[in-house]
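Below is one structure, written out as structure tokens; comments come after it.
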Amino acid sequence: MFTNDLELAEKIRIISNHGQAVQYIHEQIGVNSRLDTIQAAVLLEKLVHLDDYNLNRRKVADAYDLAFIDIAELEIPFRNPSSTHVFHQYTIKVKNGKRDSLKTYLKEKGIPSMIYYPMPLHFQRAFQSISKLSGKLEVSESLCSEVLSLPIHTEMKNEELNFIIENITRFFNG
């Protein structure tokens, strides 16, 4: 992008970053248009390995599921038995108001975690003009304060996975 108009430049930057100048605060509707041709060429080569990548992510998710299924304060992701999941994210629901303290605990242990959707869409300024809501969306609002995404990637080592599982289990079981 080339322009000598600073206001126009900022508007284009915001639109090309999902309509946000501040992460997760959407002032307007935008797009994700940051893929350049070099990145596209790399991704094209990686497509050959997509099935293996997805399988590796499912193995990590399987280990998380098995480790967390009996922790009452956690809800693991639902899996439809008639389909498969690629687990771009592995997002748990942390009950009883413990999500933020778990996130802090994990950070102290050097374990990254992420809250990807801290604000429901109907609270975003970008959607106020098109929202037809009257009242609350209690499930959406509740989920925004309960969900936490754990590390998951295609090359995750067993030591990393076990470290994460052990620490989350210790957090809830002492």
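Tabulated values for the structure
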| read-out | value |
| --- | --- |
| Selected residue (criterion: surrounded by the fewest Cβ atoms within 10 Å (Cβ to Cβ)) from residues of the range 72-82 that are in contact with a strand residue (DSSP E or B) (Cβ under 9 Å, 6 or more places away or on another chain) and part of a loop (DSSP other than H, G, I, E, B) | PRO77 |
| Failed condition for PHE87, given (1) more than 14 Å from the chain's Cα centre (by Cα); (2) touching a residue at least 60 places away in the same chain (Cβ under 8 Å) | (1) |
| Options SER131, SER113, SER140, SER149: the member that is open to solvent by 40 Å² or more (accessible area, probe 1.4 Å) and either touching a residue at least 12 places away in the same chain (Cβ under 8 Å) or under 16 Å from the mean Cα position of the chain (by Cα) (or both) | SER140 |
| Only one of HIS122, HIS85 that is in a loop (DSSP other than H, G, I, E, B), of a type outside the set (D, E, K, R), surrounded by 14 or more Cβ atoms within 10 Å (Cβ to Cβ) and in contact with a helix residue (DSSP H, G or I) (Cβ under 8 Å, 6 or more places away or on another chain) | HIS85 |
| Among the candidates LYS93, LYS107, residue that is of a type in the set (Lys, Arg) and either loosely packed, with under 11 Cβ neighbours inside 10 Å or assigned to a strand (DSSP E or B) (or both) | LYS93 |
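The values are calculated or read from the model by the stated rules, or taken from the named source; none is laboratory data. What you are looking at is a predicted structure, and each value in this text was computed from that prediction instead of being measured. For neighbour counting, all protein chains shown are included, and Cβ atoms are generated from backbone atoms with ideal geometry for every residue, glycine included. Accessible surface areas use protein heavy atoms only, side chains included; no ligands, DNA or RNA. Shrake-Rupley method; radii C 1.70, N 1.55, O 1.52, S 1.80 Å.
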